[in-house]
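Take a look at the structure set out below.
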Amino acid sequence: MLLAALYCLLWSFRTSAGHFPRACASSKSLTEKECCPPWAGDGSPCGRLSGRGSCQDVILSTAPLGPQFPFTGVDDRESWPSIFYNRTCQCFSNFMGFNCGSCKFGFRGPRCTERRLLVRRNIFDLSVPEKNKFLAYLTLAKHTTSPDYVIPTGTYGQMNHGTTPLFNDVSVYDLFVWMHYYVSRDTLLGDSEVWRDIDFAHEAPGFLPWHRLFLLLWEQEIQKLTGDENFTIPYWDWRDAENCDVCTDEYMGGRNPANPNLLSPASFFSSWQIVCSRLEEYNSRQALCNGTSEGPLLRNPGNHDKARTPEAPLLG
Ligand SMILES: *[C@@H]1O[C@H](CO)[C@@H](O)[C@H](O)[C@H]1NC(C)=O
Ligand SMILES: *[C@@H]1O[C@H](CO)[C@@H](O)[C@H](O)[C@H]1NC(C)=O
Ligand SMILES: *[C@@H]1O[C@H](CO)[C@@H](O)[C@H](O)[C@H]1NC(C)=O
């Protein structure tokens with residue numbers, strides 16, 4: 001879908017606006033449509049006084065949407081992020097972020113001028129302490145409220161065009177679950193009607209770039225949370241895997257012997273709660289996922305749609 005590619009491009013150019021800064025969740029910000037929070041280093045919007053960036057009109061690509069989406073003005077994700085904000089921070093040189101407070105990926109230092117190369121490693125090459133540190137970071141992220149971001153629990157219309165903001169706190173980890181839900185959710189058309197044939201991040205050219213950016217942002221949030229500036233997310237190389245060999249209790253969790261959809265009680269993740277899983281319920285309520293816990297994690301790697309993902313390994 002062209003729409004997906006387009007959306008993904010918008011996301012890559014406006015990484016700061018891909019999610020909702022806490023500082024911009026007020027009715028003032030939403031009704032003025034301006035999201036240019038101060039940078040703590042000098043107190044000026046977008047760190048302008050320090051030359052980090054400035055508050056500017058959002059200029060969107062004028063490329064038309066494809067015929068796949070036969071609506072206009074019904075989905076907050078159209079012409080993102082202009083339904084919510086039409087002025088945001090534009091960051092100079094290597095600065096990045098909703099207030100130009102961070103560095104572009106691959107840079108560090110007070111002026112973001114130092115090049116840095118981080119390497120993602122195969123999860124099976126981590127030592128046991130390294131692997132345990134990774135799991136501890138995940139736990140911390142799952143249990144720490146995001147200081148910088150919140151999630152909207154209603155559409156812009158449900159917020160009365162910004163006058164009654166509807167936002168929830170969310171954990172650093174669940175923020176990314178929510179973003180992944182939000183980009184691929186159905187369009188709510190009112191009266192329990194939905195448009196299902198929409199997804200800005202999957203089954204289209206946008207898939208790889210969108211998820212690449214998503215993982216970079218996730219890595220950056222874990223780095224900020226833990227103070228471990230060198231953290232990288234390990235990868236699972238499943239090219240030759242016959243089975244889901246990370247689906248063990250040492251790693252991502254083995255299968256529950258009593259219920260193939262649940263994790264084994266000995267798994268590190270068996271106490272985790274899932275969020276944003278009840279898509280049909282949200283549709284019928286014409287609501288957004290509000291980030292509340294919806295029960296234990298569900299996973300059944302042997303149960304995926306083989307026609308769509310024929311190469312994905314099974315859990316033996
Ligand atoms: C941005 O939105 C505000 C509030 O709706 C509006 O007054 C302003 O004209 C818009 N600016 C642009 C450049 O569209
Ligand atoms: C990150 O890696 C760099 C380069 O190897 C090193 O100088 C620095 O101390 C590391 N930082 C932390 C927090 O471990
Ligand atoms: C939050 O979402 C859950 C799950 O969909 C729902 O049961 C609950 O009523 C929602 N809470 C609010 C305040 O809307």
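Within the range 83-111, can you find the residues that are among the hydrophobic types (A, V, I, L, M, F, W, C) and either at pLDDT below 95 or within 16 Å of ligand 2 (Cβ to nearest atom) (or both)?
Here is the first cut: in the range 83-111, the residues among the hydrophobic types (A, V, I, L, M, F, W, C) are 83-84, 89, 91-92, 95-96, 98, 100, 103, 105, 107.
Those that are among the hydrophobic types (A, V, I, L, M, F, W, C) and either at pLDDT below 95 or within 16 Å of ligand 2 (Cβ to nearest atom) (or both): CYS103, PHE105, PHE107.
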Subset of the range 213-248 (residues that are part of a loop (DSSP other than H, G, I, E, B) and not hydrophobic (A, V, I, L, M, F, W, C)): GLY227, ASP228, GLU229, ASN230, THR232, PRO234, ASP237, ARG239, ASP240, GLU242, ASP245, THR248
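I'd like the full set of residues that are under 25 Å from the mean Cα position of the chain (by Cα) and either among the hydrophobic types (A, V, I, L, M, F, W, C) or surrounded by fewer than 11 Cβ atoms within 10 Å (Cβ to Cβ) (or both), limited to the range 117-127. If you could, list the steps in order and put the result at the bottom.
Step one: of the range 117-127, the residues under 25 Å from the mean Cα position of the chain (by Cα) are 117-123.
LEU117, LEU118, VAL119, ASN122, ILE123, listed by residue number.
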Within the range 106-128, can one find any residue that is closer than 27 Å to TYR149 by Cβ, among the aromatic types (Phe, Trp, Tyr), part of a loop (DSSP other than H, G, I, E, B) and more than 16 Å from ligand 1 (Cβ to nearest atom)? no
Just a yes or no: is a residue in the range 277-292 under 24 Å from the mean Cα position of the chain (by Cα), within 22 Å of PHE214 (Cβ to Cβ), in a loop (DSSP other than H, G, I, E, B) and among the small types (Gly, Ala, Ser)? yes
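Yes/no per residue for (1) crowded, with 18+ Cβ neighbours inside 10 Å; (2) at pLDDT 95 or above; (3) touching a strand residue (DSSP E or B) at 6+ places or on another chain (Cβ under 6 Å):
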{"position": "ALA4", "(1), (2), (3)": "yes, no, no"}
{"position": "TYR7", "(1), (2), (3)": "yes, no, no"}
{"position": "PHE13", "(1), (2), (3)": "no, no, no"}
{"position": "LEU30", "(1), (2), (3)": "yes, yes, no"}
{"position": "ARG48", "(1), (2), (3)": "yes, yes, yes"}
{"position": "ASP76", "(1), (2), (3)": "yes, yes, no"}
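Among GLU130, GLU78, GLU114, which is the only one that is under 21 Å from the mean Cα position of the chain (by Cα) and of a type in the set (Asp, Glu)? Lay out the reasoning, then the answer.
Numbers: GLU130 fails: under 21 Å from the mean Cα position of the chain (by Cα); GLU114 fails: under 21 Å from the mean Cα position of the chain (by Cα).
So the residue among GLU130, GLU78, GLU114 that is under 21 Å from the mean Cα position of the chain (by Cα) and of a type in the set (Asp, Glu) is GLU78.
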Pairs with Cβ under 9 Å, 6+ apart, first in the range 264-290 and under 18 Å from TRP195 (Cβ atoms) and basic (Lys, Arg), second assigned to a loop (DSSP other than H, G, I, E, B) and away from ligand 1 (no atom under 16 Å from the Cβ): ARG285/SER192
Just one of the numbered conditions (1) farther than 19 Å from TRP178 by Cα; (2) assigned to a loop (DSSP other than H, G, I, E, B) is not true of PRO260; which one? (2)
Considering (1) out of contact with any Ser or Thr (no Cβ under 6 Å at 6 or more places or on another chain); (2) in a loop (DSSP other than H, G, I, E, B); (3) surrounded by 12 or more Cβ atoms within 10 Å (Cβ to Cβ); (4) modelled with pLDDT of 95 or more, say which one ALA312 fails and leave the rest. (4)
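The values are calculated or read from the model by the stated rules, or taken from the named source; none is laboratory data. Note that the structure is predicted; figures quoted are calculated from it, not measured. FYI the Cβ positions are ideal-geometry reconstructions off the backbone, even for glycines, and counts take in every protein chain you see.
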